[in-house]
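Engineer: Here's a structure for you.
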Ligand code: GRF
């Protein structure tokens, strides 16, 4: 399997998936790391791990379509078969999603369908929720609404703020994202007729 990771930020999920590939837990190679943000920490981490990486800055393109076409070209050039969004902070158009439909994953820091969009941790705290978590899902055109593959739950503790809650959720992200990627690479999870199919052995 040939994986691409697309990220805008620190890249801790990228690093967790890369480690799982290194250790043989995921039978695949990270063939490309793309960031849309020049200087993002994810690019430094990719460099450190000697993973092929590039910056495709959306600001260098005159339209969202042109930006996405540049990313699609990079993915095609590397014959990528699984695209993993890991803290990628741009909305993708239908055209992009269609090209990798069923091979396009995202992780979202909430117990979807709760709190799609931004500021999930603060919203969970403000609502007085007793738990939060993260969800790995297939990407469909509707934002953060794709069918879920795996979820992790964490407690919300007295005294939590967005940053302490985020750290607790992220520790779980680093566990469930490699797991979901592994299932997809092994063909144990698929998007079929708009729903998640799981191998009975799981
Ligand atoms: C994660 O919390 C993920 O759920 C969200 O963006 C964050 C990315 O973190 N979509 P990192 O760049 O992987 O450290």
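Read-outs: derived from the displayed coordinates by stated rules, not from any lab. Given the structure is predicted, the values throughout are model-derived calculations rather than measurements. Positions of Cβ are backbone-derived with ideal geometry, glycine not excepted, and every protein chain shown enters the neighbour counts.
Engineer: Quick check on my filter: what residues within the range 8-41 are out of contact with any helix residue (DSSP H, G or I) (no Cβ under 7 Å at 6 or more places or on another chain) and either on the phi > 0 side of the Ramachandran plot or away from the ligand (no atom under 16 Å from the Cβ) (or both)?
Structural biologist: The answer is 22, 23, 24, 31, 39.
Engineer: Strands (runs of 3 or more DSSP E) wholly in the range 124-202 with at least 3 residues that are in contact with a helix residue (DSSP H, G or I) (Cβ under 9 Å, 6 or more places away or on another chain) and within 12 Å of the ligand (Cβ to nearest atom) - which ones?
Structural biologist: Correct list: 131-138.
Engineer: Here's something else I'd like to know. Among the residues of the range 75-107, write down those that are part of a loop (DSSP other than H, G, I, E, B) and within 16 Å of the ligand (Cβ to nearest atom).
Structural biologist: Listed by number, the residues that qualify are 86, 87, 88, 89, 90, 91, 92.
Engineer: Right, here's the next one. Going through the range 1-56 one residue at a time, which ones are under 19 Å from residue 92 (Cα atoms) and in a strand (DSSP E or B)?
Structural biologist: 3, 4, 5, 6, 7, 32, 33, 34, 35, 54, 55 - these are the residues of the range 1-56 that are under 19 Å from residue 92 (Cα atoms) and in a strand (DSSP E or B).
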